[in-house]
Each structure stands twice: as C-alpha cells, then as structure tokens.
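Below: the structure, in structure tokens.
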Amino acid sequence: MASDRVAVPSRTESPGWVEVVLRVLGTGLLGLWWSRPSAMRYRRRRRSECAGCAHRYHRVMRVLIVLVWLQMVGIVALLAYGARPPTCQPPSLSSYNGATRYVTPTHDWVIPVRQVITAGNSGLALAYGKALGGQFCDYVPNGTLLGRMKDGFARGGTTYGHTYLTSLEPQLVYSDMAPVMRHESRHTDQWALFTLLGGPVAFPLAYGVDDVFAPGPYNNFERDAGLADGGYVLPDTPSPTTTRLIVAGALFAIFFFERHRVRRQVRLAKLLVHRLRIAEPPWWYAHTEPVTPGPAIGVVRRVSPAVADAMTEHRRLQQLGCPDCGAIGY
Ligand SMILES: [Zn+2]
Ligand SMILES: [Zn+2]
C-alpha cells in the first residue's frame, strides 16, 4: 500500500553496541560476523532509505531480545537450582569398581567450557524438569546434569545442552550407564559447537532439519553421537534421504522459477485483505474494470455472499500489473 513506499522517520534507535550484544548472544559467531562495522553501516543506511528495511530491523531486534531474555532466564534457573547439585549416586547393585567410577570426576577442559556455552538451554531444561517434579543430580564422570522424571522427555531420554532428562527407572550401573552417557555427552558437544557458531537455537534447528531428510537412526547428529551407544538400530530398508532431497529440491525449483508470480499474488492478497476491511472504494478501482461474476461465483453467492464478493474483488485485483513488469504500476 502507499504508505510502504514512504520512508518513515526513523524511531529512536538503540546504540550500536546493544545491537552487537544482542546479535552475538542470540546468534553466536554468526552474530559477530553480522556486526562487522561495514555491515552495521550498510544496514543503518538501508534503514534510513527504506521503510521495509527499518521494519525488518525492528522485528529482528525484537526476536533477538526474546531469545537473549530466555537465555537469561535459563542461566538464572541454572544458578538458582543447579549450581551445587548433589553428586549422582550409583545404584545399590553396583560393583565396587563400578560404584567408584560412577562418582569419579573426569578432568577435561571441554567439560566446563561446554557447560558455560550451553548454560542458557541447560538451565531452561532444568527449570522445565523441576516444574514436572524431576530429581536432579550431577553425573560427575562427564559433568551432565541428570534429571530423572516420570515423563516429559523424548525416547529413552533427551539432552538439552548439558542437561539430560530421563526416566526414574531403571537406575543403570556404571557399565550400562557409560555408553548412554558417551552418546549424550556427544550431543552436549554438538549443542556447544552449534551454540557457539549460531546461537542457542542453532542446534535444535540443525538437528530438526537434518531429521526431516535423515530421520531417526539416519540422523547425522545421532550417527556422530554413536548409534549403538544411543540404542539406535539401522533398519534394512534404504535411507529415505535421497528421495526427500529430490522432492525438496523440486519444490524449491518450482518456487524459485515462479517466485515473481508468487510475490505478485502475495501483494494482491494483501490488497484484498485491506479492501475487505475498509468501506470506501479502494484506490485501485481507478485502474481496473469491474468484473462480471461467472457461474462459479454465482453458486458460491447462494451459500455466502461475502465470500462471493471477496472472489469478485480478487478477480478484479488480478487486472493490476506490478512495478516489476512495467505494466500498470501502483
Ligand atoms: Zn542421541
Ligand atoms: Zn509482475
């Protein structure tokens, strides 16, 4: 609509360092890349020239604020509930050797580093587990915050950052616990790496996308964590990855090929929605001819005159060209 083309006077903008902090905490090293002085200058210029760019900037900042705020909640939860958790105790059936190893910490610099990087998400999972009545302890061989609960976790257990949510029973002895923890510990490494590279939603996003194309035991993050340790069994059927990639590629190709028409139809749909909200004749009545409703619209009118009107308006709107075509502009 007309107002979209008029540059809005810029709202009071927060200083640059606030944007940098939000980007880095919200999107990791990617945010650092986006905070290059040249990139900051480029976006500031775009915002002053184009209203759409200014709106988009404010939307991005709002999303980042929510993201960073949630991470803060997680860190506070972690400090409040998880700063000094009791050490996980071996089950009573343990051998002497197993019981000793169960409570022996591993000294590896990776453990504290990944605990710090994943603090936000680990804390959110801790708060979630606590809310569902989970019991938490520190599994010291790999620094995992182990939460035992009745339900509310996926599969045998789920790792969020360095928090592992699993069932109350059975309590595994060290030799059974070790492979599970090796697997979940790899997931913590993956969380830490992706959080560092792309912020707190990067890992779940990457895992989810991978799972769409390579589900379950084919998932590359599960393969990296170790299928046998994680209790996955590779089925005999072929992997669906190739088929799914072909379908996704074809859909993308169609969308890309038709992107101009898609964009035009989205614009026209917005105009239609706007038209339905206002009473007076819209500006584009001056550029279009009235349409005679055909038999299909006549049938619809018997059921819902409002829908029939909207369909008629939609037909009329299609007469509008778009600036990209060099046809009747608007
Ligand atoms: Zn896994
Ligand atoms: Zn066009």
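The values are calculated or read from the model by the stated rules, or taken from the named source; none is laboratory data. Bear in mind the structure is a predicted one, so any value in this text is a computation, not a measurement. Neighbour counts run over all protein chains shown; Cβ positions are idealised from the backbone, glycine included. Heads up: the accessible areas ignore ligands, DNA and RNA and are worked out on the full protein's heavy atoms, side chains in. Shrake-Rupley method; radii C 1.70, N 1.55, O 1.52, S 1.80 Å.
Qualifying trypsin sites (Lys or Arg not before Pro) in region 124-213, where qualification requires a DSSP coil assignment and no more than 12 other C-beta atoms within 10 Å, comprise Lys150, Arg155. Excluding Phe221 itself, what net charge comes from residues whose Cβ is under 14 Å from its Cβ, given Lys and Arg +1 and Asp and Glu -1? Net charge in that neighbourhood comes out at -4.
Pull out a ≥ b ≥ c, the square roots of the eigenvalues of the alpha-carbon gyration tensor of region 259-325, then state rounded if a/c is under 1.5, prolate if not and a/b is larger than b/c, and oblate in the remaining case. The shape class here is prolate.
Compared with the dominant principal axis of the Cα atoms in the chain, helix 119-131 is inclined by about 80°.
Note on the chain: Rg/Rh from C-alpha atoms, Kirkwood Rh, equals 1.12.
Computed FRET efficiency, Cβ-Cβ of Arg155 and Asp108, R0 30 Å: what is it to the nearest 0.05? Plugging the Cβ-Cβ distance into 1/(1 + (r/R0)^6) gives 0.70. Considering only beta bridges that DSSP places wholly inside the chain, some 60 percent are antiparallel.
The peptide list 157-170, 88-101, put in order of mean Cβ contacts within 10 Å with the highest first, becomes 157-170, 88-101. Projecting label points 7 angstrom from Cα along Cα→Cβ for Ala131 and Met40 puts them 3.6 nm apart.
For Ser175 and Glu280, the difference between the fully extended length at 0.36 nm per residue and the C-alpha to C-alpha distance is 30.2 nm.
A simple spin-label model places the labels of Val21 and Glu289 6.2 nm from each other, with each point 7 Å out along Cα-to-Cβ. Which residue, Met311, Gly231, Gly249, has the largest displacement toward the positive end of the dipole of the chain when charges sit on each Cβ (Lys, Arg +1; Asp, Glu -1)? Sorting the options by dipole projection puts first Met311. Taking the centroid of alpha carbons for each part, region 27-81 and region 298-322 are 41 Å apart. For the chain, the longest principal axis of the alpha carbon atoms and the long axis of helix 259-277 meet at an angle near 70°.
Computed over protein heavy atoms with a 1.4 angstrom probe, the accessible surface ordering of Ile297, Ile65, Ile246, Ile278, largest first, is Ile246, Ile65, Ile278, Ile297. If you plug the beta carbon distance of Val273 and Ile65 into 1/(1 + (r/R0)^6) with R0 = 30 Å, you get a FRET efficiency near 0.60.
Rounded to the nearest 20 debye, the dipole magnitude of the chain is 1560 debye, with +1 charges on Lys and Arg beta carbons, -1 on Asp and Glu beta carbons, and the Cα centre as origin.
Once the Cα atoms of helix 241-257 and of the chain are each reduced to a long axis, what angle between those two axes, in degrees from 0 to 90 to the nearest 10, is obtained? The angle comes out at about 30 degrees. Working from Cα pairs under 8 Å separated by at least six residues, relative contact order for region 209-330 is 17 percent. Dividing the helix sum by the residues of the chain, where each DSSP H run of 4 or more adds -39500 (n - 2.57), gives a mean residue ellipticity at 222 nm of -19000 deg cm²/dmol.
Solvent-accessible area per residue in region 183-330 equals 61 Å², computed with a 1.4 angstrom probe and all protein chains kept. Among the protein heavy atoms of region 1-139, carbon and sulfur supply 65% of the accessible surface, probe 1.4 Å, non-protein parts ignored. Residue ranking by accessible heavy-atom surface, 1.4 Å probe, largest first, among Tyr102, Tyr218 comes out as Tyr218, Tyr102.
Per-residue extension of 0.36 nm, minus the Cα-Cα distance of Leu29 and Arg84, leaves a gain of 16.8 nm for this segment.
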